[in-house]
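Below is one structure, written out as structure tokens, with a few remarks after it.
The values are calculated or read from the model by the stated rules, or taken from the named source; none is laboratory data. A quick note: this is a predicted structure, and the numbers were derived from the prediction, not measured. Glycine gets a Cβ as well: all are built from the backbone with ideal geometry, and neighbour counts include every protein chain shown.
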Amino acid sequence: MKISNETKIGALTAIAIALLILGFNFLKGKDLFEHSKKIYAVFKSVEGLENSNAVKIKGLEVGSVYAINPVDKNVDGIVVAISMKKDVNIPKNSIAVIDAGLIGSADILIKKGDAQDLIQDGDTLTTQEKGNLLSEVQGNLSPVVSRLSSTLGSLDSLIRVIGSLFDPTVKNNFGAIIANLARSSASLQIILNEKTGALAHTIVHLDSFTNNLANNNGRITGTLENLEKTTNKLANAKIDETLKSAQDAMTSLNNAVNKMNSTNGTLGLLLNDKKLYQNLESTTRSLNTLLDDLRVHPKRYVNISVFGKKDKSGPLRAPLSDSTANPPNLK
């Protein structure tokens with residue numbers, strides 16, 4: 001019996017489709033030819049969790065996520081089906097936690113309990129919501145932000161007092177400084193925003209930082225104490241003495257400028273006596289006249305010809321019209 005080409009093509013197409021479906025399910029972590037134990041866990045949020053993500057106990061992968069479905073149409077909870085790949089004993093009082101990874105994916109960690117009864121096929125694990133990394137960091141940073149706000153308030157009051165001692169131009173400069181501080185505070189608040197801040201996008205990829213932060217809690221406390229001591233030292237700084245020194249320097253500078261503006265002293269005479277400028281202008285004009293006369297009547301000064309006649313024309317009394325501009329009128 002001869003099989004037509006159409007039949008062969010149809011059979012190959014069906015086989016290819018079947019292999020494609022089997023391969024797709026295999027990549028999703030679903031079992032193809034054997035039945036494994038299925039257990040379940042209900043979470044309020046499964047952000048970062050996907051099918052085929054690993055399920056681990058003490059770092060050992062014992063299963064994978066088989067399916068993720070809502071509890072009801074209101075999505076009051078999300079049921080995660082776990083396909084067990086290894087035959088391990090899991091006590092019934094064990095707790096399942098979603099552990100977010102550094103690149104956005106997440107795994108399920110099972111913390112084993114101490115009960116004698118074990119989880120059976122089809123049972124549901126107790127779940128626990130793991131604290132958000134951003135929330136934990138913000139909780140530790142809140143005291144720092146509070147102290148920083150208090151320091152900025154004290155600095156604002158101090159700048160206002162200092163500003164009252166200076167002229168309007170300097171006061172406007174201090175106003176600009178205060179405005180910049182306000183914008184900096186607003187920028188800091190935006191950075192610390194939990195959903196849209198740059199800090200949130202960065203902390204999503206730094207899950208391991210939480211454990212390091214908890215292990216170094218004592219050092220952080222010491223750092224905050226040092227920061228508080230520094231703030232107290234800044235509040236007790238000798239601002240009055242610094243202002244007095246600045247005022248003395250301004251007084252000395254004003255005295256020097258007044259001497260320069262007066263006709264007393266060499267520098268004042270050089271800057272304010274117009275006779276010096278007139279004498280220099282007259283000297284320059286005479287020099288230009290001499291140079292023009294030397295250029296027009298060179299034989300009057302140097303006779304370079306044996307048979308030439310001596311230039312008997314009169315000397316120039318003024319520079320040529322294109323050699324020197326007319327001197328400006330001085331009042």
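The figures follow:
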read-out: Filter result for VAL75 (on the phi > 0 side of the Ramachandran plot and without any contact (Cβ under 8 Å) to a residue 40 or more places away in the chain); value: yes
read-out: Tally of residues being modelled with pLDDT under 75, part of a helix (DSSP H, G or I) and surrounded by 10 or more Cβ atoms within 10 Å (Cβ to Cβ) across region 158-185; value: 12
read-out: Boolean, LEU224 is at pLDDT 80 or above, surrounded by 12 or more Cβ atoms within 10 Å (Cβ to Cβ) and over 22 Å from SER105 (Cβ atoms); value: yes
read-out: Which numbered condition ILE82 misses (of (1) aliphatic (A, V, I, L, M); (2) under 18 Å from GLU129 (Cα atoms); (3) in contact with a Lys or Arg (Cβ under 6 Å, 6 or more places away or on another chain)); value: (3)
read-out: Flag for LEU22 being at pLDDT below 80 and in contact with a helix residue (DSSP H, G or I) (Cβ under 7 Å, 6 or more places away or on another chain); value: no
read-out: So ILE82, is it surrounded by 18 or more Cβ atoms within 10 Å (Cβ to Cβ) and either within 38 Å of the chain's Cα centre (by Cα) or at pLDDT below 90 (or both); value: no
